[in-house]
Amino acid sequence: MSQIVTTTSRNLVLFSKKWHSWRNSSILLQYVVTSSAIKTETNITTDQLALLSLESQIISDPFELLAKSWSQDTCVCNWIGVTCGSLHHRVTSLNISNMDLTGIIPQYFRNLTFLVSLDLRNNSFCGTLPQEMAHLHRQKFVRLNYSNFSGEIPSWFVFNALEGQIPKNIGNLKNLRGLSFESNNLTGSIRPSFSNASKLETLILSKNFLHGNIPNGIGDLHNLNWLTIETNQLAGSITFPIFNIFTIETIGFPDNGLSGSLPTDLCDHLPILKGLYLSFNNLLGHMPPSLSRCYKLQLLSLSNNEFDGPIHSEIGTLSNLRTLYLGFNRFTGKIP
């Protein structure tokens, strides 16, 4: 309990103001929070206590967004950043991104058992992620980008990245729909077990230090619509199964060391592709003539590779194309 009670004077005062009826009863406060932590049954009250325990660990709230909104005098479902489900009246979403908050995540977060979405981006949360968050089995979306968390990724934590390698059991989350590892210090390879997360719709691994090939199993993610692995150290031939994901809208692997050529039937299985980012690799061969069948393509980026041959005139039929990068290749002939 020292984590909850032992904090800065400012935080303890703020926390005590919310619990005005127990203003001088730190022992009772400790008892209440402890009791909520060991309960097996959770409800909207334990949700409220979990969020208040988070606020007690905030050491900087420069805009006083939480200090003014998170009050016991109002329903927790009306607090800033909090969304409750209509059926069970429990906290299902917490979005306190871009608030310039500084603090740590308390272990009592585990009581938010109906939490589906968590967004803490662009703050200064630090410390390690509590193991107790493993109890949040309903959680599908977590975004912690641009925070200051430290330590290796816990073995259960497969939503976002800190440092070290991606856990081997990452595919165990069968209901996972969105996953962003962007702008961290991940090393190692992309786990083949990603293919087991069959409901995954968004996968972002950009700006890390991942190496090796893109696993063929990524092509088995038939619900995927966004895949970007920008600015890593990937090598090897670009994997063809990725270009068979019928639902995909964005494919982005720029700034890696990928090699090989693109499949000639590139767009035959990508009816809704809108963005193809492949610049700054070692790709070679001709421009696939099937590009003209990516009817919804808005951005095509193939610059800084070793492509050769003609620029197909059919590319002029892409009526939705807004941005085209083809520079620093070996294309020959006339510009259509």
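Results, tabulated for the structure shown:
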| quantity | calculated |
| --- | --- |
| Formal net charge of residues neighbouring Gly171 (Cβ-Cβ distance under 14 Å; K, R +1; D, E -1) | +4 |
| Ordering of 73-83, 291-301 by packing [mean C-beta count within 10 Å, highest first] | 291-301, 73-83 |
| Whole-Hz couplings from phi, Karplus 6.51/-1.76/1.60, listed for region 319-331; x for Gly and Pro | 5, 8, 5, 10, 9, 9, 10, 10, x, 6, 10, 10, 4 |
| 5 angstrom amide H check on Ser60, placed H, neighbours 5+ away | Thr102 |
| Surrounding net charge for Pro241, when Lys and Arg each add one and Asp and Glu each subtract one, Cβ distance under 15 Å | -3 |
| Three-way shape label, region 188-329, alpha-carbon gyration tensor, a/c 1.5 | oblate |
| Cut-off under 5 Å, modelled amide H: who pairs with Gly285 long-range | Asp308 |
| Whole-angstrom gap from region 293-331 to region 90-134, using each part's C-alpha centre | 42 Å |
| Under-5 Å amide H pairs with Glu230, H placed in peptide plane, nonlocal only | Leu205, Ser206, Lys207 |
| Over 26 Å between alpha carbons, listed pairs Lys168/Lys199; Lys199/Lys274; Lys207/Lys334; Lys199/Lys296 | Lys207/Lys334 |
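Read-outs throughout are calculated quantities, based only on the coordinates presented, and are distinct from any laboratory measurement. Worth saying up front: this structure is predicted, and the values here are computed from it rather than measured. Cβ: placed from backbone, ideal geometry, glycine included. Neighbour counts: every protein chain shown.
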